[in-house]
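Single-structure report; data block below.
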Amino acid sequence: MKIRLLASAFAAVATTASAHDVKSPVDPAKPAPFDITAASASTDGRLVTFAMELAGEAGSIKPEATGRLHGAKVAAYVWPTALDPATAGFAEKSGILALAITAHPDFDDTPLFDENGNGDPSDDGESWHSHWVVLGKDAGCGAGLKVLDVSPGVDILPATAPMLPVALDSPGMSPQFSGTTARITVPVKGGEQAAFDAVTAELQVNGEGKTPLLCVTGVHDVASGDLSMPGRITKEK
């Protein structure tokens, strides 16, 4: 079962590159906007662009609003990487550093940015936006993974973190959706040849506000099939 494969493969990062990009077969049983067909990542030495090709229109499905934070659902396009979490300003070797494009209509976790452009930076969680997150294993989550629980002011967090009790940063890099492609560019130092994978998933805030606070509850697709991270960030020519 792919959900459990994701959890069991969490600590396994490929040590040799079988391919720079990651290819994935189309599966008609999956929602097409979350059915990954390919994933890639490239760098100019300063910026890394992560891309994901889908079988359907990227970003066309978002969670329905529930009207409350507790139990709120999150849709996500995620690139797990072998980069150390310290690369993005988290504690060193604290888990798997992943870049995510997310949407969640019931809460806003990007207080520094106004994604929908209406002049209010606190009401746009429904708009697709970016996060660096640190993932860790947790048997209490449906997919066996969570965004790490942290204590703001105690644990190391990036300067642009929204100071929520999870290892999450809101760097304000705008995702781009074009047809079947999801793409995002972020500053990364020393990213060339780092391993990566691609995942489409659902997350959910704990219904009682307890830990684990933000669980990966379901997985639509894993590009490699087993989170083995066969992709490599390549240098742009």
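Structure values in brief
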{"quantity": "Entry for Cα Rg over 2.2 N^0.38 Å (calculated from the structure that is shown) out of [x] 1.65; [y] 0.93; [z] 1.22", "calculated": "[y]"}
{"quantity": "Flagged links, alpha-carbon separation over 32 Å, of Lys137/Lys237; Lys73/Lys235; Lys23/Lys62; Lys93/Lys235", "calculated": "Lys137/Lys237; Lys73/Lys235"}
{"quantity": "Check: the chain dipole with +1 on Lys, Arg Cβ and -1 on Asp, Glu Cβ, in debye", "calculated": "740 debye"}
{"quantity": "Computed helical MRE - 222 nm, the chain, DSSP H runs ≥ 4 contributing -39500 (n - 2.57), nearest 500", "calculated": "-500 deg cm²/dmol"}
{"quantity": "Amide hydrogen neighbours beyond the local backbone of Met173, cut-off 5 Å, H modeled", "calculated": "Ser130"}
{"quantity": "Value of relative contact order over the chain, rounded to a whole percent, pairs C-alpha under 8 Å and six or more apart", "calculated": "31 percent"}
{"quantity": "In order through the range 74-79: 3J(HN,Hα) via Karplus (6.51 cos²θ - 1.76 cosθ + 1.60), integer Hz, x for Gly, Pro", "calculated": "10, 9, 8, 9, 10, 10"}
{"quantity": "Apportionment of accessible area to carbon and sulfur, the chain, percent (1.4 Å)", "calculated": "52 percent"}
{"quantity": "Förster radius 22 Å - calculated FRET efficiency between Gln176 and Leu69, Cβ distance, rounded to 0.05", "calculated": "0.20"}
{"quantity": "Unit charges on C-beta of K, R, D, E only; dipole of the range 153-237, Debye", "calculated": "320 debye"}
{"quantity": "Gyration tensor verdict on the range 64-143 (Cα atoms; rounded if a/c is under 1.5, prolate if a/b is larger than b/c, oblate otherwise)", "calculated": "oblate"}
{"quantity": "Qualifying aspartates and glutamates (Cα of each under 12 Å from Cα of Lys30; at least 8 residues distant if same chain)", "calculated": "Asp221"}
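The values are calculated or read from the model by the stated rules, or taken from the named source; none is laboratory data. Given the structure is predicted, the values throughout are model-derived calculations rather than measurements. Neighbour counts are summed over all protein chains in view; Cβ atoms, including those assigned to glycine, are modelled from backbone coordinates with ideal geometry. Quick note on the areas: whole protein, heavy atoms, side chains included, nothing else; ligands and nucleic acids left out. Shrake-Rupley method; radii C 1.70, N 1.55, O 1.52, S 1.80 Å.
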